[in-house]
Number of protein chains: 2
Amino acid sequence: MLAGKGRKAVQYELYYWPTIQGRGEFVRLALEEAGASYVDVARESGGESAMMRLLKDERIEHPPFAPPFLKAGDLFIGQTATILAFLGERHGLAPADTAGRLWAEQLQLTIMDFLQEIHDTHHPIASGLYYEDQREAARRRAADFLKFRAPKFMGYFERVLARNAVGKPHLIGADLTYPDLSLFQIVAGLRYVFPKSMARLEKHCPRVVAVHDHVAQRPRIAAYLSSSRRIPFNNEGIFRHYQELDLTQQSN
Amino acid sequence: MLAGKGRKAVQYELYYWPTIQGRGEFVRLALEEAGASYVDVARESGGESAMMRLLKDERIEHPPFAPPFLKAGDLFIGQTATILAFLGERHGLAPADTAGRLWAEQLQLTIMDFLQEIHDTHHPIASGLYYEDQREAARRRAADFLKFRAPKFMGYFERVLARNAVGKPHLIGADLTYPDLSLFQIVAGLRYVFPKSMARLEKHCPRVVAVHDHVAQRPRIAAYLSSSRRIPFNNEGIFRHYQELDLTQQSN
């Protein structure tokens, strides 16, 4: 949550692009579920310039490669999955034992791989080019993604959930962990990007959908999603809706 | 090292495609530097079938999404970066303090992002298609990679090394850590993939090259590299050499 009256001192500063959900959203969801006090720096007045200055600041001992990064006291932490492992451990959103912690990290990295492939459906050639300049390649990549890759990733998480007899609708054990929050975001994003294809895909992944629904109803997440802190999906981020890419898959 | 006469009991089983370096090589390098006893299962007789059976085995509580994965006692660990964090901590190839450990994980994930982009230069549309079926897209993606992305990543690691006054030629502190081993592999791989472009790029990244050279001379790594355990680079893995992709960058 943004710091406000009556809240304890700000614990965290999140640095991410101010107009998109992108990778930063995976961190925001963890901060919100934890009830942590944070400032979403680049969304504050002058904040984006501050972020760019920090990225170039020669005095930072551990410079991040790119946003998002998190300032936690003296620590600067970059890479979404690393930030989440850190927050998860600190705020009870990760298993306490080593095997569980490694499993959470592994699942999160697979979610990040999935996210990268979602991004690449609309930008298969270069992030620095407009979509319109790589539309034909995007059409081919999106078709392959929808036919092979999305079912493979979604089927994987469905299997993981099926094997967790203890705690459905959770990926790990009996409690919510940070990969659950990220899987929620993947489902929400895919519904925006590929509404028709996703509707078909979800029929085969009821457990994944159940994780999404459960997370959406967590009180802090529900409050967050209905607040102005949740940036709406738009066509500038990782999750973009181009109707022609959703239509490349004709089969049922 | 492969288990042999006079060696202690096998500690680890590595599962990865038997004919390529790929992501598995990053794990092999850590195992070799640690002097750990391991079996490279898929390279043994019948091992690849055993790997495929494990990937589908319903009894595995924490199923990996894809190779590489490591069996360590009762633990099954997938995702290269997670395996390396685990091995790094166990074998003194990672910083012992939290800030250092997070920094190593962050650097490793950035190396993995770099690796994915190297892969995508020859397969920008689909991993399941032949290179020849995506050659034109590959030409565009490789040109963008060589012009923008490779210099950005290499420049980043050069800056990180410049800021580590304590321990050149190391990314972190005074000692070798697992991201150094991975950065070695990136340099070795890029020299194979883009020999001409890489020769130009290295002029701007002397510290990165120094890490490569230092790692190559570590006694255990040097022994490994000259052994039959090191699979030669070839055009089936992540690092592939297609001359026409190296020639897309004309400027000096």
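The values are calculated or read from the model by the stated rules, or taken from the named source; none is laboratory data. Everything numeric in this text was worked out from a predicted model, so none of it was measured. A quick note on method: Cβ atoms are made from the backbone with ideal geometry, for glycine too, and the neighbour counts reach across all protein chains shown.
Residues to consider are A:ALA96, A:ALA85, A:ALA36, A:ALA42; find the one that is part of a helix (DSSP H, G or I), within 28 Å of A:LEU171 (Cα to Cα) and small (Gly, Ala, Ser).
On the way: A:ALA96 fails: part of a helix (DSSP H, G or I); A:ALA36 fails: part of a helix (DSSP H, G or I); A:ALA42 fails: within 28 Å of A:LEU171 (Cα to Cα).
Criteria check complete, one pass: A:ALA85.
Based on this model, can you work out whether B:LYS152 counts as free of Cβ contacts under 8 Å to residues at least 24 places away in the same chain and of a type outside the set (Asp, Glu)? I'd like the intermediate steps shown before the answer.
On the way: free of Cβ contacts under 8 Å to residues at least 24 places away in the same chain: yes; of a type outside the set (Asp, Glu): yes.
Yes: the conditions hold for B:LYS152.
For the list (1) more than 16 Å from the chain's Cα centre (by Cα); (2) crowded, with 23+ Cβ neighbours inside 10 Å; (3) closer than 14 Å to A:GLU61 by Cβ, I need the number of the one condition that B:LEU171 fails.
(1)
Among what's in segment B:68-82 and is surrounded by 21 or more Cβ atoms within 10 Å (Cβ to Cβ) and outside any strand (DSSP E or B), pick the residue that is farthest from the other protein chains (Cβ to nearest Cβ). Before you say what the answer is, go through the steps one by one.
Within segment B:68-82, the subset surrounded by 21 or more Cβ atoms within 10 Å (Cβ to Cβ) is B:68-70, B:76-82.
In the following step, the residues that additionally are outside any strand (DSSP E or B) were identified as B:68, B:79-82.
Working: B:PRO68: 12, B:GLN79: 4, B:THR80: 8, B:ALA81: 6, B:THR82: 5 Å.
Only one residue tops the list, namely B:PRO68.
Please work out which one of (1) out of contact with any Asp or Glu (no Cβ under 8 Å at 6 or more places or on another chain); (2) crowded, with 20+ Cβ neighbours inside 10 Å is the condition B:VAL166 fails and give its number.
All conditions pass for B:VAL166, except number (2).
Kindly indicate which of A:PHE153, A:PHE157 is hydrophobic (A, V, I, L, M, F, W, C), under 15 Å from A:ASP120 (Cβ atoms) and part of a helix (DSSP H, G or I). Full working, then the answer.
Numbers: A:PHE157 fails: under 15 Å from A:ASP120 (Cβ atoms).
Within the list A:PHE153, A:PHE157, the selection yields A:PHE153.
Given the options B:PHE26, B:PHE76, name the one that is of a type in the set (Phe, Trp, Tyr), touching a Leu at 6+ places or on another chain (Cβ under 9 Å), on the phi < 0 side of the Ramachandran plot and at pLDDT 95 or above.
Numbers: B:PHE76 fails: at pLDDT 95 or above.
Exactly one residue qualifies, and that residue is B:PHE26.
I'm checking my understanding of the structure. Among residues of segment A:121-138 that are out of contact with any helix residue (DSSP H, G or I) (no Cβ under 6 Å at 6 or more places or on another chain) and crowded, with 19+ Cβ neighbours inside 10 Å, which one is farthest from the other protein chains (Cβ to nearest Cβ)?
A:HIS123
If a residue must be under 30 Å from A:SER226 (Cβ atoms) and either assigned by TED's automatic domain parsing to the domain that holds A:LEU176 or not aliphatic (A, V, I, L, M) (or both), how many such residues does segment A:50-77 contain? Before the answer, list the steps.
The first filter runs over segment A:50-77 and keeps only residues under 30 Å from A:SER226 (Cβ atoms), leaving A:50-51, A:66-72, A:77.
When the remaining residues are screened for being either assigned by TED's automatic domain parsing to the domain that holds A:LEU176 or not aliphatic (A, V, I, L, M) (or both), the result is A:67-69, A:71.
Matching residues across segment A:50-77 total 4.
Condition check: among the hydrophobic types (A, V, I, L, M, F, W, C), within 30 Å of B:ARG139 (Cα to Cα), in contact with a helix residue (DSSP H, G or I) (Cβ under 7 Å, 6 or more places away or on another chain) and in a loop (DSSP other than H, G, I, E, B). Does B:ILE238 satisfy that? Let's see the steps before the verdict.
Details: among the hydrophobic types (A, V, I, L, M, F, W, C): yes; within 30 Å of B:ARG139 (Cα to Cα): yes; in contact with a helix residue (DSSP H, G or I) (Cβ under 7 Å, 6 or more places away or on another chain): yes; in a loop (DSSP other than H, G, I, E, B): yes.
Yes, satisfied.
Among A:ARG101, A:ARG90, which is the only one that is more than 9 Å from chain B (Cβ to nearest Cβ), over 18 Å from the mean Cα position of the chain (by Cα), at pLDDT 95 or above and buried (at least 18 other Cβ atoms within 10 Å of the Cβ)? Give the steps one after another, and end with the answer.
On the way: A:ARG90 fails: buried (at least 18 other Cβ atoms within 10 Å of the Cβ).
The match here is A:ARG101.
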